[in-house]
Amino acid sequence: TRPTGIGPEMGAIPKSEQAYRLIRERIENGTYVPGYRLVLAPIATELGMSVVPVREAIRRLEAEQLVTFEANVGAQVALFKEAEYLHTMQTLALVEGYATALATPDITPDQIARARAVNERMRQTLAHFDPQRFTELNLEFHSVLFESCNNPHILDLVLRGWNRMKMLRNSSFSFVPGRAHESVEEHEHLLDLIERRVDVHEIERAARDHRLATLDAVLLHQDELRHHDELRHPHESVAAS
């Protein structure tokens, strides 16, 4: 059986790149969960290659902070930094919501059309969902809305928040792909509010709540994972308490 993500055309791609794509895809789709040990030999055997290109792929993923390496443990999928994610998303919700509100009076019909076109592209990705591509389009969508913000300090905080999110994990939608459908609809609602020139405080609240809804979905997903793990390993849970 051909491994997931490895098609006939992959033969011309360097082996380390094949290993990189396979491991990264499985991290993103949840096959390799946070804390999962990445053992070289089984992955190499599955791909029909030596451990050398697999090791190179893992080093590359380590540089991207998707994988960590610990003595006596080896390589494993980076653990989800829940507290840092929570604080980053809360801050981003505040500053991005405010930046969008400040920009609203200067947003032109052309910008609204651009944002709506991006959102339509996001909608089209839902059938064959790619969380990384969706996240890229998501940044593009929101960038159109806050690009007219006339406070450079607020804009700097927004961009820092997005960059910090990339360091934590490339895409929230890797954890909660179902949230993407709701996100697209919320985008359309936000555009409708801007287009109708409603009170900027209502727009700020809608933009903030949109960001916090993704945060809530991810945190709920993490709680469900913990509960599932406790059911699978009840003795470990008792010992740890």
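Miscellaneous remarks
- Theoretical FRET efficiency, 1/(1+(r/R0)^6), r = Cβ-Cβ of L159 and A12, R0 25 Å, to 0.05: 0.10
- The chain - percent relative contact order, Cα under 8 Å, separation 6 or more: 21 percent
- Note on the stretch 183-225: Cα Rg divided by 2.2 N^0.38 Å, N the number of residues, gives 1.39.
- Estimated FRET transfer efficiency (F129, L231; beta-carbon r; R0 22 Å; 0.05): 0.20
- Element breakdown for the stretch 21-114 at a 1.4 angstrom probe: carbon and sulfur atoms account for 57% of the accessible area.
- Dipole in debye (nearest 20) - the chain, about Cα centre, beta carbon charges: Lys, Arg +1; Asp, Glu -1: 800 debye
- Adding -39500 (n - 2.57) for every DSSP H run of four residues or longer, then dividing by how many residues the chain holds, sets the calculated 222 nm ellipticity at -22500 deg cm²/dmol.
- Dipole axis of the stretch 95-181 (+1 Lys, Arg; -1 Asp, Glu on Cβ), positive-most option in P131, T100, G161: P131
- Over the chain, the Kirkwood radius and the radius of gyration, each from Cα atoms, give a ratio Rg/Rh of 1.03.
- Two-site label geometry, N151 and T91: point separation in nm, points 7 Å out along Cα→Cβ: 1.6 nm
- In this structure, H181 and E202 have a Cβ-Cβ separation that, at R0 = 22 Å, corresponds to a calculated FRET efficiency of about 0.40.
The values are calculated or read from the model by the stated rules, or taken from the named source; none is laboratory data. Please read all numbers here as calculations on a predicted model, not as lab measurements. Using ideal geometry, Cβ is built from the backbone for each residue, glycine included, and neighbour counts are taken over all protein chains shown. Quick note on the areas: whole protein, heavy atoms, side chains included, nothing else; ligands and nucleic acids left out. Shrake-Rupley method; radii C 1.70, N 1.55, O 1.52, S 1.80 Å.
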